[in-house]
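I am attaching a structure below and will ask some questions about it afterwards.
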Amino acid sequence: MSTLQLWRTPAEVRAWTAAARARGQRLALVPTMGFLHDGHLALMREGAARADAVAVSVFVNPAQFGPREDLSRYPRDVEGDLAKCASVGVAGVYLPDVATVYPPGYQTSVDLEALTTGLDGASRPGHFRGVATVVTKLLALFRPEVALFGEKDYQQLQVITRLNEDLELGVDIVGLPTVREEDGLARSSRNVYLDVDERRRATALSRGLFAASARAAAGEADAATLTRLIRVELEAAGAREDYVAVVDARSLAPLTALTPGVPARALVAAFFGGTRLIDNVPLLLRAP
Ligand code: PAF
């Protein structure tokens with residue numbers, strides 16, 4: 001297995017992508033903020049199945065954190081991340097510092113409209129501007145054939161899919177199903193913040209979502225009934241709800257009722273202690 005390359009600057013990335021293209025290789029990119037877990041590794045393995053070489057970026061992007069959010073304590077483990085990338089055959093990791101991505105004088109950002117007004121966009125003003133900007137920069141730098149993201153951040157995936165279309169970047173944006181712990185909790189770098197009691201209670205998120213998805217599959221179309229199933233679990237677990245929503249799977253517009261054959265999604269964000277977690281599931285209404 002070839003050794004993992006480490007790139008610190010755009011020039012180093014461009015030298016590698018040019019050489020890889022000269023060898024006729026198709027490239028996959030997995031953008032991350034590090035502290036990698038099995039969900040990220042699934043994205044890398046899928047990247048390897050879809051392309052000849054996989055690159056990973058590890059960059060805790062300050063532009064997507066609000067002033068009262070967890071930027072300074074966001075978990076980091078660069079050595080562990082590099083070992084995990086090497087274990088699944090990643091070709092190289094881009095590890096820029098903040099001044100490389102946003103040098104003095106930097107003033108360009110990418111903003112989306114309707115897709116970012118609700119859900120996390122409402123709770124975390126500016127978050128998706130930061131995400132869209134850094135992902136656009138990474139896609140423009142690597143110009144990968146494929147870029148892979150987890151469905152756990154479902155609104156983010158829709159935002160990236162849309163900006164890729166709107167800006168005609170021509171990347172194949174692939175979303176992979178959420179990787180979960182055995183008890184259903186979605187894998188997230190932020191799970192490390194939970195104490196033992198919060199960790200136990202946090203299973204309420206997936207329990208509520210799975211209950212809603214099962215009821216939809218059994219024929220329940222009413223969005224209020226489905227959201228109530230989720231709220232019951234959150235309340236029983238003593239979680240503080242941020243939002244619970246049933247939306248159109250593409251536009252993320254709120255729905256009052258599911259329609260057979262029209263993909264919908266249930267999304268939830270809730271606090272367990274000081275930790276805000278998000279999760280979501282597809283909703284497929286059984287045809288009458
Ligand atoms: O999902 C993440 O880890 C980040 O939001 C991303 C896509 C790497 C952009 O910083």
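Each value in this text was obtained by applying a stated rule to the coordinates, not by laboratory testing. Owing to the predicted nature of the structure, the values given are computational and were not obtained by experimental measurement. Positions of Cβ are generated from backbone atoms using ideal geometry, with glycine treated the same way; all protein chains shown enter the neighbour counts.
Taking the stretch 239-253, which residues are loosely packed, with under 15 Cβ neighbours inside 10 Å and closer than 16 Å to residue 113 by Cβ?
Within the stretch 239-253, 250, 251, 253 qualify.
Taking the stretch 20-70 only, how many residues are outside any strand (DSSP E or B), within 16 Å of the ligand (Cβ to nearest atom) and not small (Gly, Ala, Ser)?
Of the residues in that region, 18 qualify.
Residues checked against (1) over 21 Å from residue 75 (Cα atoms); (2) under 16 Å from the mean Cα position of the chain (by Cα):
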{"site": "10", "(1), (2)": "yes, no"}
{"site": "18", "(1), (2)": "yes, no"}
{"site": "23", "(1), (2)": "yes, no"}
{"site": "26", "(1), (2)": "yes, no"}
{"site": "31", "(1), (2)": "no, yes"}
{"site": "43", "(1), (2)": "no, yes"}
{"site": "46", "(1), (2)": "yes, yes"}
{"site": "52", "(1), (2)": "yes, no"}
{"site": "56", "(1), (2)": "no, yes"}
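Moving to a separate point now. Only one of these conditions is not met by residue 13: (1) surrounded by 15 or more Cβ atoms within 10 Å (Cβ to Cβ); (2) more than 16 Å from the ligand (Cβ to nearest atom); (3) farther than 24 Å from residue 151 by Cβ. Which number is it?
Of everything listed in (1) surrounded by 15 or more Cβ atoms within 10 Å (Cβ to Cβ); (2) more than 16 Å from the ligand (Cβ to nearest atom); (3) farther than 24 Å from residue 151 by Cβ, residue 13 misses just condition (2).
I've got another one for you. Restricting the stretch 159-173 to residues that are charged (D, E, K, R) and either buried (at least 17 other Cβ atoms within 10 Å of the Cβ) or farther than 17 Å from residue 129 by Cβ (or both), which is farthest from the ligand (Cβ to nearest atom)?
For the stretch 159-173, the residue satisfying everything is 168.
How many of the residues making up the stretch 251-288 are over 26 Å from residue 165 (Cα atoms) and outside any loop (DSSP other than H, G, I, E, B)?
9
State whether one or more residues within the stretch 192-199 are within 30 Å of residue 285 (Cα to Cα) and more than 16 Å from the ligand (Cβ to nearest atom).
No: zero hits.
Which residues, taken from the stretch 157-208, are free of Cβ contacts under 8 Å to residues at least 40 places away in the same chain, assigned to a loop (DSSP other than H, G, I, E, B) and not aliphatic (A, V, I, L, M)?
168, 170, 177, 181, 182, 183, 184
Let me ask something else. Among the helices (runs of 4 or more DSSP H) contained in the stretch 72-151, which hold 2 or more residues that are more than 14 Å from the ligand (Cβ to nearest atom) and of a type outside the set (S, T, N, Q)?
Correct list: 78-87.
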